[in-house]
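Read through the structure below, which is laid out as structure tokens, and then see the notes.
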Amino acid sequence: MRRISRWAAISAVLLLALVAAACGSNSDKSSANASSSGSSSSSSAPGKDSKAVGFIFVGPKDDFGYNQAAYQGAMAVKAAFPNLKVLTAENVPENDDATRVMEGMIAKGAKIIFATSYNHLDPAMKVAAAHPDVAVVQQGNFIKGTVPANAGTYFGTVYEPVYLAGIVAGKQTKTNKLGYVYAYPIPQTVANIDAFELGAQSVNPKAETYTINTSNWCDPAKQEEAAKSLLAQGVDVLTQHQDCTATITKAAEAAGAMVVGYHADASTLAPKGWIAGSEWDWSALYKDIVQTALDGKFTGSKYNANFRSGLKDGLNPFVQSKYGPSVTQDTKDLVAKAKTDISTSGSPFKGPVMSQDGKTLIADGTVPDYATIESTIVVFVKGVVGEMPKSS
Amino acid sequence: MTGAVRGGTSILYCAMGESVSETAGVVNLGTEGSMLVGALAAYAITANTHNPWIGALAGASAGAALAFVHAFFVLNRKANQLATGLVVLFLGLGLTSLFGAAYVARTVNSFKTWKVPLLSHIPWIGQIFFQHDPLTYLTFLLVPATWFVLQRTGVGLLVRGAGERSEVLSTYGHNVLRVQYLAVVIGGFLAGLGGAQLSTAYANAWFENMTQGRGFVAVAVVIFAARKPLAAMGGSYLFGAALALSPALQVRGWHINQFALDSLPYLAIIVVLILLGKKRAAEAPEGLQKVFEMSIAT
């Protein structure tokens, strides 16, 4: 018996080794092909005539949030370009594993790569440097210094719809206390929290936003605890910047509080408490980036930079979710007015904007551009309660 | 403090299960995996039957089934316990990502908080211990029961014997394998219940890898508590408190380094393990000492 099982084990190992060897030689061949074709067309523009497009996601494609929205964008690309192979990889960590996954996609013929998580930037830049003929775009981060000819970042001005949702929250709150559960104090999140508070202040000077960070993009138990703490402090509107959003949404509904959504329309989880929210729609932007690269026009295009799209150019991939049943027409009109304002001449961060400790961030009357906002709105504004965790 | 009990209960279930398993001489690092499959099975079955009790039972059974896999490899095949545990964990992680996707967006009829009449009105204590979900109350019985069974009954003696000196058991005609199987499977059963508490009573949601290392914490707690149920209860609540403390402090405007606070329980475990390591090593069942390759004076 023992002998038999040992032979079985040995043959199983041999079989595995054979399979692995077969796979290995296969991929060797395809990567050799890819590199040879790469060198022959090295003079061509990044992404031109690509046979495939690669997308990497940091989380699962069905998280009811950030990654799901990005995945849906990838599927929109697939539908729009039937001749392109769309390669996707979920749960790609934000480290050198990401480099390997992207290299694998390039070996399969992808010359256009979307790295969709904030800290995928470093691996993405490595890949871009190694493959001048591949267009690498990253979602949400910011390339400092010179942008390589085959790279770029893109994002929506997420804080615009968040500001509009803040207006709704400021009008709806009875306790003047709003709650914000966030993961890490990255610039994007800080700008969101500030915009939310400023939106609320614009219609309710007494509104304050209480913040809790969870140091995790998706730990439902921590989220539940954070929500309970905020509710216990008298907060009656909860919102969040987390990758998975169901727990906090349900916690607000169960406590009879209101909830402002983020990433996706979760109004079905809180039929009573849902008041407003913001959600992603990447399809138009993804398709345009792919088309630009396929045409060989990536270098020098608006995507070969830190591209930011907002209400002003009408391409913002972050849009308002639907209103909840308790939101009055008056409030909706206020939001509509603010939206028109931002689309034409305004900004959620139109001065004066003061920081928590009373410093002037944006001077009175100034309408900052997107780059200014990304560099100045990195601290909490007045009216936000809580301190960012420091890593030192 | 209420948060300590609320957040610690899922860990406590796993810790009780692991206490039983380790007493019988089997370390199950797959506890995290049992917890995950328990969380998903409970959530999925509750979603389909609208009865959280049936869900909890399903979760416990799923946890037990995964522990059975661990038991098979380490007991029948004599595989390395620590390595097998990790493999079982990844099996659980993979299975739950595969089958869990459909349930991410589902809402279920979860366990409701039930305030114990009279007792819940006791100031302070009432709030901490008597305003919870039914699965939490169950642990108040489970902990003393685990202690009693392990320390004061014939079955407990067999379990301890299996972990301590299995040769003696076989000499007396007992089936050591059967006892160890039972202990490991019960361990998985309880870990599955812990997962069920997490998904259907606490967070009210299912997400991939939602246990976030709580099963590992439970294994650490058990080692640190030297398999004593009451001490393990304290350890579990310590982690629950750490979990609850950081948001509670933040919202009250206390400025403590968040990242340091998050790592506090793990630091505490490491320190305690270093301090008590030597002393506890000698007290551990001999079967366990073999697993960790501790030196045994012969």
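Under 16 Å of direct C-alpha separation, and excluding same-chain neighbours fewer than eight residues apart, residue A:297 reaches these aspartates and glutamates: A:49, A:133, A:288. Centre-to-centre, using Cα atoms only, segment B:161-186 and segment A:52-121 are separated by 51 Å.
Of all aspartates and glutamates in the structure, those lying under 20 Å Cα to Cα from residue A:61, and not within fewer than 8 positions of it along the same chain, are A:90, A:94, A:97, A:219, A:243, A:265, A:279, A:281, B:208. Magnitude of the charge dipole for segment B:89-218, about its Cα centre and with charges confined to Cβ atoms of Lys, Arg (+1) and Asp, Glu (-1), is about 180 debye. Here segment A:142-178 is scanned for amide nitrogen atoms under 19 Å from the site 7 Å beyond the Cα of residue A:319 along Cα-to-Cβ, giving A:155-166.
Only one residue of B:36, A:214, B:67 has its Cα farthest out toward the positive end of the dipole of the protein assembly as shown, where Lys and Arg carry +1 and Asp and Glu -1 on Cβ, and that residue is B:67.
Ordered by packing density, taken as the mean number of other Cβ atoms within 10 Å over each peptide's residues, highest first, how do B:43-51, B:233-241 rank? Write down the numbers at each step before the final one.
Details: B:43-51: 19.6, B:233-241: 23.8.
Ranked by mean Cβ neighbours within 10 Å, highest first: B:233-241, B:43-51.
Neighbour counting of Cβ atoms within 10 Å sorts the residues B:249, A:230, A:285, fewest neighbours leading, into B:249, A:285, A:230.
Neighbour counting of Cβ atoms within 10 Å sorts the residues A:96, A:265, fewest neighbours leading, into A:96, A:265. For the peptide A:210-221, the mean number of other protein chain Cβ atoms found within 10 angstrom of a residue's Cβ is 6.
Set the Förster radius R0 to 56 Å, insert the Cβ-Cβ distance between residue B:112 and residue A:301 as r into 1/(1 + (r/R0)^6), and round the FRET efficiency to 0.05.
0.50
Along each principal axis, taking the top coordinate minus the bottom one, the Cα set of the protein assembly as shown gives 87, 71, 47 Å in descending order. Helical content alone sets the calculated 222 nm signal of chain B at -23500 deg cm²/dmol, taking -39,500 (n - 2.57) per DSSP H segment of four or more residues and averaging over every residue.
Annotation: amide H-H contacts under 5 Å for residue A:55 (H modelled 1.01 Å from N, sequence separation of 5 or more, or interchain): A:87, A:88, A:89, A:114. With no solvent and one equal point scatterer per Cα, compute the Debye intensity ratio I(q)/I(0) for segment A:258-392 at 0.10, 0.16, 0.18, 0.21 Å⁻¹ and report its log10, rounded to two decimals. With one equal scatterer per Cα and no solvent, log10 I(q)/I(0) is -0.49, -1.13, -1.25, -1.30.
To the nearest 20 Debye, how big is the dipole of segment A:102-215 about its Cα centre, given +1 on the beta carbon of each Lys and Arg and -1 on that of each Asp and Glu?
On the way: 8 positive and 7 negative charges, 44 e Å.
The dipole magnitude comes to about 220 debye.
Over the whole of A:375-388, what's the average partner chain Cβ count within 10 Å per residue? Rounded to a whole number, please. Provide the component values of the computation, followed by the final result.
Values: counts 0, 0, 0, 0, 0, 0, 0, 0, 0, 0, 4, 5, 7, 2.
Taking the mean over all residues of the peptide, I get 1.
Amide H contacts of residue A:213 (H built 1.01 Å from N, in plane; Pro and chain starts excluded): A:182 sit under 5 Å, all sequence-distant by 5 or more or on other chains. Set the bar at 20 Å for Cα to Cα. Now go through A:222/B:228; A:78/A:302; A:228/A:272; A:144/A:302 and name every pair that lies beyond it. In this structure, A:222/B:228; A:78/A:302 exceed 20 Å between Cα atoms. Of all alpha-carbon pairs in chain A, indicate the percentage at a distance above 30 angstrom. Distances greater than 30 Å cover 45 percent of the Cα pairs.
In a simple Cβ point-charge model (Lys, Arg +1; Asp, Glu -1; nothing else charged), the protein assembly as shown has a dipole of about 1240 debye relative to its Cα centre.
Return the average number of partner chain Cβ atoms within 10 angstrom of each residue Cβ along peptide A:237-247. Before the final figure, lay out the partial values.
Numbers: counts 0, 0, 0, 0, 0, 0, 1, 7, 1, 9, 7.
What the average comes to for A:237-247 is 2.
Taking every full run of DSSP H in chain A, the ones that stretch at least 24 Å from end to end by Cα along their long axis and average -1.0 or higher on the Kyte-Doolittle scale are A:2-40, A:187-203.
Rounded to the nearest 500, the helix-only mean residue ellipticity at 222 nm of chain A stands at -13500 deg cm²/dmol, with each DSSP H run of n ≥ 4 adding -39,500 (n - 2.57).
Listed by chain and number, the aspartates and glutamates whose C-alpha is less than 12 Å from the C-alpha of residue A:174, apart from same-chain residues fewer than 8 away, are A:208, A:236.
Would you order B:90, B:216 from fewest to most other beta-carbon atoms within 10 Å of each residue's own beta-carbon? Present the calculation step by step, with values, prior to reporting the outcome.
Values: B:90 12, B:216 19.
By the 10 Å Cβ count, ascending, the order reads B:90, B:216.
Across chain B the C-alpha pair distances fall into 10 Å bins from zero in the proportions 7, 28, 35, 22, 7, 1, 0 percent. Using label points projected 7 Å from each Cα along Cα→Cβ, tell me how many nm separate residue A:360 and residue A:78, to one decimal. In this crude label model, residue A:360 to residue A:78 measures out at 5.3 nm.
Segment A:318-392 and segment B:30-46 have Cα centres lying 42 Å from one another.
Taking A:147, A:92, A:158 in turn, the Gaussian network model of chain A (Cα-Cα springs below 10 Å) assigns the largest fluctuation to A:147.
Read-outs throughout are calculated quantities, based only on the coordinates presented, and are distinct from any laboratory measurement. This is a predicted model, so every value here is computed, not measured. Reconstructed Cβ throughout: ideal geometry from the backbone, glycine too, with neighbour counts over all protein chains shown.
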